[in-house]
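**Q** I have a structure I would like to understand better, so I am pasting it below and will then ask my questions one at a time.
The numbers here are math on the coordinates, done by the rules we state, and not lab data. Computed from a predicted model, the values in this text were never measured in an experiment. Every residue, glycine among them, receives a Cβ derived from its backbone with ideal geometry; neighbour counts consider all protein chains shown.
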2 protein chains.
Amino acid sequence: MGCRAEKALHYEDFDRRCILYYALIMAGGSGTRLWPLSREQKPKQSLRLVGQRSMFQHSVERLDSLFPSERIRVVTRAEHSDLLRAQVPTLSEANFIVEPEGRGTAPAIGLAAIHFYRQDPNAVMAVLTADHYIADTARFQKVLQAAEIAARQGYLVTLGIEPTRPSTAFGYIEQGQALDPIDDFKVFRVRAFTEKPNRETAARMVSSGIYSWNSGMFVWQVNRILDEFHRQMPAFYEQLMLVDQALGTPDYERVLARVWPQIAKETIDYGVMEKAQNVTVIPVEMGWTDVGSWNSLAGLLPGDEQGNSIKGEHIALDTHNTLIFGDKRLIATIGVKDLVIVDTEDALLICARGQEQQVKQIVERLKANGRDDLL
Amino acid sequence: MGCRAEKALHYEDFDRRCILYYALIMAGGSGTRLWPLSREQKPKQSLRLVGQRSMFQHSVERLDSLFPSERIRVVTRAEHSDLLRAQVPTLSEANFIVEPEGRGTAPAIGLAAIHFYRQDPNAVMAVLTADHYIADTARFQKVLQAAEIAARQGYLVTLGIEPTRPSTAFGYIEQGQALDPIDDFKVFRVRAFTEKPNRETAARMVSSGIYSWNSGMFVWQVNRILDEFHRQMPAFYEQLMLVDQALGTPDYERVLARVWPQIAKETIDYGVMEKAQNVTVIPVEMGWTDVGSWNSLAGLLPGDEQGNSIKGEHIALDTHNTLIFGDKRLIATIGVKDLVIVDTEDALLICARGQEQQVKQIVERLKANGRDDLL
């Protein structure tokens, strides 16, 4: 702590050990797309979707040996912090940065940034997700190390996922000028961030070979991202500085509770990345899955010869290409195909595969009907 | 009680009030075809399938005003008698004839017959079902009155259901010589009982106009059916007489418990009706449904414009021709059609319509897996 390094001239000259590297796990989301399993009080990252550990537990464990636990921070909403803390006993209260309420990714990152800045203005922070599955942990750790090196040169580094299909569920990042590779990772300047495309555009982008999926994971110096907030989101920056002034004083909680609800919701992509300077992308193949829908989860569960992905006790007769997710009761299926079946204590979803995006409409309907108990 | 009538010469001369007319509700079945709702300890007749009353409650209420409650008997298996008695408080222990275990319809009817014979050897008994739905109660009561008249002439009367489609789920009864009509009911001698046919045969029989479905409901004099047992099932008749000798003595329960397990299982159709003498059929249209499968139940539940039949709380998006039966939790469906969805506390069935007969295989699988808790 408190170690200050000289301004780096070139990363190879740089004493890495003297600048702090923080991992920030973004665990503020709720995620209605995995209803009825995910709920307002049981967000996606807290769920045991793959194996016996929750997505959040996986996210913390992925950092093992790369980050000492005192360099890990979790930003989460007040209503979820107890649940998440209970899941990872190796983290203490000090590891959690609690938002009074969620205001989008930009404010969450800003809040964490002022915490890190107090420790080390030159600190590097990795912004990581709590609801993605990453099969290849070793590769994930390697790309974080490579990204740290790029971040020390002043770049805002985005981790890009090598696209494996023309997905319309992700934003895309267009590669520009190639920079020097780091280890065996290629590094490109970012030419443009693209919103979720239609299928045609997605197909074109994937076949061009110069696009990555936007993983929502970033690595940068704390002072660089604060500069970008200052330049691009000045109103938020002013509000953030109010919180910064109270940081470390008994007023912190009170000020945060007063300021935070006034902050406009904003994502880091729209608010900062699209017009930021010196943005780079490091494409990486690491078995990444955004567990954003029942369909994407199906690909992660053990399957049988009929293409079924099953969690829970099940008897299947003539059942094909069906995701069955439940551990509350026995599920028997006869003569069904291409279904998603999700069984929970108080709600049951049966959905045709390919129509999972309509789950949101169910949630909206419940909201309209005042069924808060099911949200 | 104890009123004895002269032998009837012709039913019009007959003083109806002097011969006892009993209703026997056969409530001994279990029914695996409605799994997971029906269970060994929760037989079909005890279920609230249509409306807020169980099938058994409907069966008793259908007799209102036609049979005083002391003329109603329910034959059931020991393991179900408490459940059924609790459902109909107007019936007392004396209304129940309890079998130590189920041995098929022939022994159940024989056991009831010796009870009735003690009251009146000339008594007429109507053998009725506890798991059929009958929409037109008035017509049902009328046909029971007409059948009583025919039974007094010595006929074994079967109630035939006018077939509305070439069902392969029922046995068929072929009409022979027409007898005098009774009220507005036609009466025919039975030429033959036919087992469940294939679709082709069923279509031929239905279009011929001389077949009825076998409803499993019969009306006859007690001494006539006992004679048939004597003639056609002599071994059973001997066993039944052992029970008869103990009837009304403190030994009854003990003798019944000893004799009953030794009795060979037999249905009244195979054991008696197919080769009985003087069998007639009275065809009747009374909105009859054998609630023998999820598919048949679907026709009885309120439907929506998309052809869905729904019991329980449900949100449907793009859902068609689907039976949803559950009241344990909210059920949401998206983009599904032609399904049967049955949700219970500990088991969930999702089955393509038209494949409901495979539910039995699920039950067999559970049995093989030792999952007695789900049977």
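**Q** If the label for residue B:275 sits 7 angstrom from Cα along the Cα-to-Cβ line, what are its distances to the same label in every other copy, in nm to one decimal, shortest first?
**A** 9.7
**Q** Amide H neighbours of residue B:99 under 5 Å, counting only residues 5+ apart in sequence or on other chains, H built in-plane at 1.01 Å?
**A** B:76, B:77, B:78
**Q** Just counting partner chain Cβ atoms within 10 Å, what average do the residues of peptide B:322-333 show around their Cβ?
**A** 5
**Q** Does a label point 7 Å from the Cα of residue B:338, set along Cα-to-beta-carbon, have any residues of segment B:150-172 with amide nitrogen under 19 Å, and which are they?
**A** Answer for segment B:150-172: B:168.
**Q** Given a cut-off of under 8 Å on Cα pairs at least six residues apart, what relative contact order in percent is computed for segment B:295-374?
**A** With pairs under 8 Å counted, the relative contact order is 20 percent.
**Q** Among A:111, B:100, A:187, pick out the residue whose Cα is farthest towards the positive end of the charge dipole of the protein assembly as shown, where Lys and Arg carry +1 and Asp and Glu carry -1 on C-beta, about the Cα centre.
**A** Final value for the positive-end residue is A:187.
**Q** Something else about it: Spin-label point model (7 Å from Cα, Cβ direction): what's the residue B:289 to residue A:86 distance in nm?
**A** In this crude spin-label approximation the distance works out to 4.5 nm.
**Q** Among B:44/B:186; A:311/A:337; A:44/A:142; A:44/A:311; B:196/B:311; A:44/A:337, which pairs are too far apart, with a Cα-Cα distance over 21 Å?
**A** Where the Cα-Cα span goes over 21 Å, the pairs concerned are B:44/B:186; A:44/A:142; B:196/B:311; A:44/A:337.
**Q** Find the centroid of the Cα atoms in segment A:82-100 and in segment B:217-268, then give the distance between the two in whole Å.
**A** When both Cα centres are located, 73 Å separates them.
**Q** If you don't mind, another one. Applying the Karplus parametrisation 6.51 cos²θ - 1.76 cosθ + 1.60 with θ = phi - 60° to the phi angles of segment B:146-163, what ³J(HN,Hα) value in whole Hz is obtained for each residue in order, glycine and proline being reported as x?
**A** 5, 5, 4, 4, 5, 5, 5, 7, x, 7, 8, 9, 10, 8, x, 9, 4, x
**Q** Just for segment A:295-374, what percent of DSSP beta bridges are antiparallel, to the closest 5?
**A** 35 percent
**Q** I'd like the FRET efficiency for residue B:253 and residue B:304, computed as 1/(1 + (r/R0)^6) with the beta carbon distance as r and R0 of 45 Å, rounded to 0.05.
**A** Approximately 0.30, to the nearest 0.05.
**Q** Another question, if that's okay. Hey, got the dipole for segment A:11-292? About the Cα centre, +1 on K and R Cβ, -1 on D and E Cβ, debye to the nearest 20?
**A** Taking the Cα centre of segment A:11-292 as origin, the dipole is about 600 debye.
**Q** Tell me, what HN-Hα J-couplings in whole Hz come from the Karplus equation 6.51 cos²θ - 1.76 cosθ + 1.60 at θ = phi - 60° for each residue of segment A:252-261, using x for Gly and Pro?
**A** Computed from phi, the couplings for segment A:252-261 are 3, 4, 5, 5, 4, 5, 7, 6, 4, x Hz.
**Q** Size of the dipole of segment A:250-375 about the Cα centre, Lys and Arg at +1 and Asp and Glu at -1 on the beta carbon, nothing else charged, in debye to 20?
**A** 400 debye
**Q** Roughly what % of DSSP beta bridges within the protein assembly as shown run antiparallel, to the nearest 5?
**A** Antiparallel bridges: around 45 percent, rounded to the nearest 5.
**Q** Amide H neighbours of residue A:324 under 5 Å, at least 5 residues apart or on other chains, H built in the peptide plane: list them.
**A** For residue A:324, the qualifying residues are A:309, A:310, A:311, A:341.
**Q** Taking residue A:254 in one copy and the same position in all the others, each labelled 7 Å out along Cα→Cβ, what are the pairwise distances from the first, in nm, shortest first?
**A** Listed shortest first, these distances are 8.8 nm.
**Q** Another question, then. Roughly how compact is the protein assembly as shown, stated as its Cα Rg over 2.2 N^0.38 Å to two decimals?
**A** 1.36
**Q** Let me ask something else. What are the nm distances, shortest first, from residue A:179 to its equivalents in the other copies, labels at 7 Å along Cα→Cβ?
**A** In ascending order, 10.0 nm.
**Q** By DSSP, what percent of the beta bridges with both residues in chain A are antiparallel, rounded to the nearest 5?
**A** 50 percent
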